Structures are given as C-alpha cells and as structure tokens.
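The next block holds one structure in the form of structure tokens; read it before the comments.
The values are calculated or read from the model by the stated rules, or taken from the named source; none is laboratory data. Keep in mind the model is a prediction, meaning the values are calculated, not measured. Note that each Cβ is placed from the backbone with ideal geometry, even for glycine, and that neighbours are counted across all protein chains shown.
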Amino acid sequence: MKGIILAGGAGSRLHPMTTAVSKQLMPVYDKPLIYYPLTTLMLAGVREVLIITTPRDQPAFRALLGDGRRWGLDLSFAVQDEPRGLADAYRIGADFVDGGPSALILGDNLFHGHEAGRVFAQAGRSLDARRGAVVFAYRVSDPRRYGVVELDGQGRALTIEEKPSNPRSPWAVTGLYIFDGQAPAIAASLRPSARGELEITDLISGYLEQGRLGVERLGRGFAWLDTGTPDSLLDAATFVRTLEQRQGFKIACPEEVAWRMGWIDDAQLARLADSFGGADYGAYLRGLLTAG
C-alpha cells in the first residue's frame, strides 16, 4: 500500500502565521506538523509516500524531508497549483497510485494511540482482500463541524454528510482514508461542489453507493486532532508536550519509527542522532540506542 499526504492549501484560518510558510511546516511542540501524518503512515507499514503541496512550499518540504532514504522511505512530491478539494489528490496522484491501494492522510491531522499502527495496517490488509474503501470514524461532541457518517446496528455506513446542520450521528470522518485502485477513476468522474472543489465526501459516497465502504471506529484508546485553527494548533502542541514530558518518549519521531520498524539499523540511527549536534532531539535518539 502506498501513501499520499495532502499538504497544500493556503492555511487561511491560521493567517498571518501561514502567510509565508505552509501550515504543515508549522511546529507542533517539538516537530514540524507534517511529521505526524508521515509517521502515521510509517506505523501502518507504508514506505512509498507522495507529498502533494503548493508550488511555493514544495522547495521547503524537499529541504526538510529529502527523498526519505535516511528513514528507509521513498518520498516523492507533486504540486497542487490551486485548491481544488481533497479528492483532487487522486487526480494528481493517479500515476503514483498506479492501480493499487493507497492511504490518503491530511497533512494537518494528528493521530495517536498505542494500537494505531496495527489498526491502520490491518485495515489496509483487509482492503487488499476485499477491495473498496475504509474510513476511520471518531466520536465528537459537535459533529456539525465535520463530515459525518451514519451507521446501522452492525457498524455499516448508511449515509455520509459534510458538515450537516442536523447530524444523524456523532461519528466524524477523520482525515485518514484507505482506497483501492479505483479511487482515481471515481475522483475523475466527480463534479465540483458549490464551492468549486472536488469533495472527499463525494469520493467516499461513490464507494458507499457501490456497497464497498467499510468504517473503522476509533475508540477511547485513540486521539484524533486537527490543527486548522490557532486554538487547535495549540491544543495539539499541549497534548504532545504533556505526553512526551510525562512518559519520556517522543511522538511522531520518524527516526525512531524507522528504527523500530527495522527500516534503518543502529549505525544509521547513530548518524541521524549526530546530525542534530547537541540538540535535545539528537540526545533522545542516542538514548534509544543505549536503552535498547
């Protein structure tokens, strides 16, 4: 399974902070925001990732991430020259997907949970077996702000609505989706919405209408945060800081994830640690090697 990170957009709700820098390059406590969706894909076993961003911001993403080889990844980049909606990722990434399954994750979403990698990877494996699409739902107190999935008694999707005024359920569709190889074709058939964008809800609805949409509910052991406003960006940073300082490990550290997944060895982890000089981040990586 391949991965796509959608890291475009103007980040207008974060202006003036994002006037000159991409939202996904903003810090969430001690790391750039894009590290969080990237490591979510890594924990699910995804090693080939396409990062879609703007013409202005692509050089900065390349400078930060490189080609991914230092983490055992294969990273490539593509441009979305203007906002055309989330489903536009599959118009841009059609050749990259090349008829196979893929995970699409929004560049401003943060997922955390002890079993997150296993759950996401298992969803991908089940997709390989039955084909279709899988979305991940999270219970929220105000579903009017989100895309909402209505479920029957067996947890099967009945309807999908984008920011409904009268939600039919408390289950919000998160910014992580897994699709089979038909996603580019379905996306190409979509018409722009009233706001002129190809909506991810319409892409998902295409699978729902075919009876090929699965829903995985993320329960109490998971945290899902988006970072589209100053308050939510601060909330995410506070969440990460609290856990890291209390438990002594880092969240969304690609060097550590790659090492624990067996994609890089001890020597490479040591080289990466040294590249940070005397920074606390490098000291943390060196500590992984001595702790075992």
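Some points to look at:
- When residues of the range 71-85 are limited to those that are modelled with pLDDT under 95 and touching a helix residue (DSSP H, G or I) at 6+ places or on another chain (Cβ under 9 Å), the one nearest to Gly147 (Cα to Cα): Gly85
- Scope the range 68-97; condition among the acidic types (Asp, Glu) and either farther than 23 Å from Gly181 by Cβ or free of Cβ contacts under 8 Å to residues at least 12 places away in the same chain (or both); matching residues: Asp81, Glu82, Asp95
- Taken over the range 160-181, the criterion of being among the β-branched types (Val, Ile, Thr) and modelled with pLDDT under 95 is satisfied by Ile160 alone.
- Looking at Ala183, Ala121, Ala157, Ala172, just one residue is of a type outside the set (Asp, Glu), within 25 Å of Thr227 (Cα to Cα) and buried (at least 21 other Cβ atoms within 10 Å of the Cβ), and that residue is Ala172.
- Residue pairs whose Cβ atoms lie under 7 Å apart, separated by 6 or more positions or on different chains, with the first residue in the range 149-162 and assigned by TED's automatic domain parsing to the domain that holds Thr201 and in contact (Cβ under 8 Å) with a residue 12 or more places away in the chain and the second of a type in the set (A, V, I, L, M) and not in a strand (DSSP E or B), are Ala157/Leu208; Ile160/Ile204; Ile160/Leu208.
- Residues of the range 11-45 satisfying the condition of being part of a strand (DSSP E or B) and basic (Lys, Arg): Lys31
- Note on the range 221-292: enclosed helices (runs of 4 or more DSSP H) holding 1 or more residues that are in the same structural domain as Val173 (by TED's automatic domain parsing) and closer than 23 Å to Leu106 by Cβ are 230-247, 254-260.
- Some residue of the range 9-31 being small (Gly, Ala, Ser) and either farther than 20 Å from Glu82 by Cα or not assigned by TED's automatic domain parsing to the domain that holds Ala223 (or both): no
- Looking only at the range 46-83, and only at residues there that are among the β-branched types (Val, Ile, Thr) and assigned to a loop (DSSP other than H, G, I, E, B), the one that is surrounded by the most Cβ atoms within 10 Å (Cβ to Cβ): Val46
- In the range 3-16, the qualifying residues are those that are among the hydrophobic types (A, V, I, L, M, F, W, C) and closer than 13 Å to Thr227 by Cα, and the one that is surrounded by the most Cβ atoms within 10 Å (Cβ to Cβ) is Ala7.
- Residue check, Ala121 under 30 Å from Tyr35 (Cβ atoms) and not acidic (Asp, Glu): yes
- Against the numbered list (1) surrounded by fewer than 18 Cβ atoms within 10 Å (Cβ to Cβ); (2) in a loop (DSSP other than H, G, I, E, B); (3) in contact (Cβ under 8 Å) with a residue 24 or more places away in the chain; (4) not aliphatic (A, V, I, L, M), Arg191 comes up short only at (3).
- Flag: Ser205 does not match the condition of being surrounded by 16 or more Cβ atoms within 10 Å (Cβ to Cβ), without any contact (Cβ under 8 Å) to a residue 12 or more places away in the chain and in the same structural domain as Gly100 (by TED's automatic domain parsing).
- Considered as a group, the residues in the range 128-148 that are in contact (Cβ under 8 Å) with a residue 60 or more places away in the chain and under 24 Å from Arg220 (Cβ atoms) include one that is surrounded by the fewest Cβ atoms within 10 Å (Cβ to Cβ), and that residue is Arg139.
Conditions (1) more than 22 Å from Thr242 (Cβ to Cβ); (2) of a type outside the set (D, E, K, R); (3) within 14 Å of the chain's Cα centre (by Cα), marked per residue:
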| position | (1), (2), (3) |
| --- | --- |
| Arg13 | yes, no, no |
| Lys31 | no, no, no |
| Tyr35 | no, yes, yes |
| Leu50 | yes, yes, yes |
| Arg56 | yes, no, no |
| Gly68 | yes, yes, no |
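- Every test in (1) within 16 Å of the chain's Cα centre (by Cα); (2) closer than 22 Å to Asp180 by Cα; (3) touching a residue at least 60 places away in the same chain (Cβ under 8 Å); (4) not in a helix (DSSP H, G or I) is passed by Gly8 save one, and that test is (2).
- Evaluating Arg125 against the criteria (1) assigned to a helix (DSSP H, G or I); (2) under 25 Å from Ala10 (Cα atoms) leaves one unmet condition, (2).
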